[in-house]
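*Asks:* For reference, the structure I am asking about is given below.
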């Protein structure tokens, strides 16, 4: 009888931990989705609870409220680049810094196009100056910097090239094109609606990278 009680007692906490973990993930996913779809205007406790299918009190219990959820989303964004872009560069044959930057720029463009929340955050960075946006922006920027440094490894740019400035311009231009595509489907008369349009952008990215890095 004692053995049965011990087994029962040990199994209940494990079940609760699993349920809590699943609920936390459901809340976080719901918060991300709502933020991507409606922005901060639709980002409320009741809406998140409805989307997650849970009692709103659990949001306060697990995250402390909206500010805690923003921090959790920021931490989640810290893994955005790592989760979406393979560190082995997709098996590409990388010999030079130019090879690496070409591959990373194209992977970054593809990943950014596939993530509506990150696109929103990039747009908010230049249009909204709020504590919430700053938290999300800082998390994203730190993750991107760490990713670039890790992927670079021992490869070095050609002498005389200011790689940090060039790379900042390269990735900023990619970000702006993706934002423009989401907002208007074009930029400066350049259509950005179809895969064929983006293939043209990719060709130009390759040419720019090679012109600078060889």
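Here, each number is a calculation from the coordinates, and none is a lab measurement. Just so you know, these numbers come straight off a predicted model, no measurement behind them. Heads up, the Cβs are rebuilt from the backbone with ideal geometry, glycines too, and the neighbour counts pull from every protein chain shown.
*Asks:* Can you give the angle from 0 to 90° between the axis of helix 116-125 and the longest principal axis of the chain, with both taken from C-alpha atoms, to the nearest 10?
*Replies:* With both axes taken from Cα atoms, the answer is about 70 degrees.
*Asks:* Tell me, rounded to the nearest percent, the portion of alpha carbon pairs in the range 33-86 spaced more than 16 Å apart.
*Replies:* Every Cα pair in the range 33-86 considered, those over 16 Å come to 47 percent.
*Asks:* Based on the Cβ-Cβ distance from residue 41 to residue 166, what FRET efficiency comes out when R0 is 25 Å, to the nearest 0.05? Let's see the in-between values first.
*Replies:* Numbers: r = 37 Å, r/R0 = 1.49.
After rounding to 0.05, the efficiency reads 0.10.
*Asks:* Another one. PRE reach from residue 21 (point 7 Å along Cα→Cβ): which of the range 38-68 fall under 18 Å by backbone N?
*Replies:* 62-63
*Asks:* If you fit an axis through the alpha-carbon atoms of helix 163-183 and take the longest principal axis of the Cα set of the chain, what angle between them do you get, 0 to 90°, nearest 10?
*Replies:* Taking the Cα atoms of the chain, the angle to 163-183 is about 70 degrees.
*Asks:* Using Cα atoms only, what is the angle between the long axis of helix 97-113 and the major principal axis of the chain, expressed in degrees (0 to 90) to the nearest 10?
*Replies:* For helix 97-113, the angle is close to 50 degrees.
*Asks:* If the elastic network links every pair of Cα atoms under 10 Å, which of 180, 154, 137 fluctuates the most in the Gaussian network model of the chain?
*Replies:* Of 180, 154, 137, the Gaussian network model singles out 154 as fluctuating most.
*Asks:* While we're here: If the chain between residue 84 and residue 126 were fully stretched, how many nm would it gain, using 0.36 nm times the residue separation less the Cα-Cα distance? Let's see the in-between values first.
*Replies:* Numbers: separation 42, 0.36 × 42 = 15.12 nm, distance 2.38 nm.
Answer, rounded to one decimal: 12.7 nm.
*Asks:* Any chance you could get the radius of gyration and Dmax over the Cα atoms of the chain, in Å?
*Replies:* 21.5, 78
*Asks:* Before anything else, pin down the relative contact order of the chain: Cα pairs under 8 Å, at least 6 apart, normalised by residue count, whole percent. Write out the running numbers ahead of the final one.
*Replies:* Details: 160 pairs, mean separation 44.3, N = 214.
Across the chain, relative contact order equals 21 percent.
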